[in-house]
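Step one of this worksheet: look at the structure below.
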Amino acid sequence: MKDLPETVQRVAAQLQAQGHPHPPQMLGDACRTAQQAADALGIAVGQVAKSIIFRRKDDDAAVLVITSGDRRVDEKKVVALVGTIGRADAQFVKERTGFSIGGVSPVAHATPPVTLIDRDLLRFDVVWAAAGHPHGVFPLHPGDLQRLTGAPVVDVAQEPAAP
């Protein structure tokens with residue numbers, strides 16, 4: 001574990017402390033997008049649990065939305081649940097989460113965010129989340145996201161486009 005970046009070690013320690021059986025893995029290539037992660041892992045893009053950070057305007061809190069890689073977040077649905085939000089820039093993300101964009105894990109944040117899990121993730125038996133680094137990932141059952149984060153499962157994705 002000492003060979004892992006500090007941020008991945010932090011995620012690994014929290015996963016272990018919470019009894020999660022699958023430690024982070026480092027991939028050869030960076031997986032800054034859901035498509036890159038899916039390609040590297042040989043999985044459907046929807047199986048990538050992407051972490052999107054927003055900035056809540058009322059109190060400047062970080063709002064983490066975890067959704068399927070094949071879905072886009074419907075910001076109006078998020079606002080209805082947590083209040084007015086805005087975009088979070090790279091500096092805000094790094095300061096609040098301790099992670100850089102492209103490697104934001106759902107766990108082990110520097111400051112615990114307000115977290116929402118999109119229900120579309122429950123379509124899958126296994127999803128893969130970032131482990132604190134653009135090369136780091138770990139597998140889990142979507143239900144484990146709720147156990148690990150304590151976050152509610154809600155509808156915050158845009159409706160998929162009709163084929």
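The values are calculated or read from the model by the stated rules, or taken from the named source; none is laboratory data. Quick caveat: nothing in here was measured; it's all calculated off a predicted structure. Cβ coordinates were reconstructed from backbone atoms using ideal geometry, including for glycine residues, and neighbour counts include every protein chain displayed.
Would you mind listing the strands (runs of 3 or more DSSP E) fully within the range 24-132 where at least 1 residues are among the small types (Gly, Ala, Ser) and closer than 20 Å to Gly143 by Cα?
Fully inside the range 24-132 and qualifying: 48-56, 62-68, 127-130.
Criterion first (more than 14 Å from the chain's Cα centre (by Cα) and under 24 Å from Pro5 (Cα atoms)) does Thr111 satisfy it?
Yes: the conditions hold for Thr111.
Mind listing just one residue for me: the one in the range 31-49 that is within 11 Å of Ala130 (Cα to Cα) and of a type in the set (A, V, I, L, M, F, W, C) and, of those, modelled with the lowest pLDDT?
Cys31
What are the residues in the range 4-22 that are out of contact with any Leu (no Cβ under 7 Å at 6 or more places or on another chain), part of a loop (DSSP other than H, G, I, E, B) and surrounded by 16 or more Cβ atoms within 10 Å (Cβ to Cβ), if any?
Correct list: Leu4, Pro5.
Out of the range 133-147, which residues are part of a helix (DSSP H, G or I), surrounded by fewer than 20 Cβ atoms within 10 Å (Cβ to Cβ) and not polar (S, T, N, Q)?
Within the range 133-147, Gly143, Arg147 qualify.
Out of the range 67-99, which residues are touching a His at 6+ places or on another chain (Cβ under 9 Å), touching a residue at least 60 places away in the same chain (Cβ under 8 Å) and not aromatic (Phe, Trp, Tyr)?
Once the filter is applied, which keeps residues that are touching a His at 6+ places or on another chain (Cβ under 9 Å), touching a residue at least 60 places away in the same chain (Cβ under 8 Å) and not aromatic (Phe, Trp, Tyr), the range 67-99 yields only Gly98.
Scan (1) without any contact (Cβ under 8 Å) to a residue 12 or more places away in the chain; (2) within 17 Å of Asp155 (Cβ to Cβ) for the single condition Phe54 breaks and write down its number.
Failed condition: (1).
Would you mind stating whether Ser51 is polar (S, T, N, Q), out of contact with any Cys (no Cβ under 7 Å at 6 or more places or on another chain), under 21 Å from Ala37 (Cβ atoms) and buried (at least 20 other Cβ atoms within 10 Å of the Cβ)?
Judged against the criteria, Ser51 is a match.
How about the range 23-46: which of its residues are touching a Pro at 6+ places or on another chain (Cβ under 8 Å) and crowded, with 17+ Cβ neighbours inside 10 Å?
Result: Cys31, single match.
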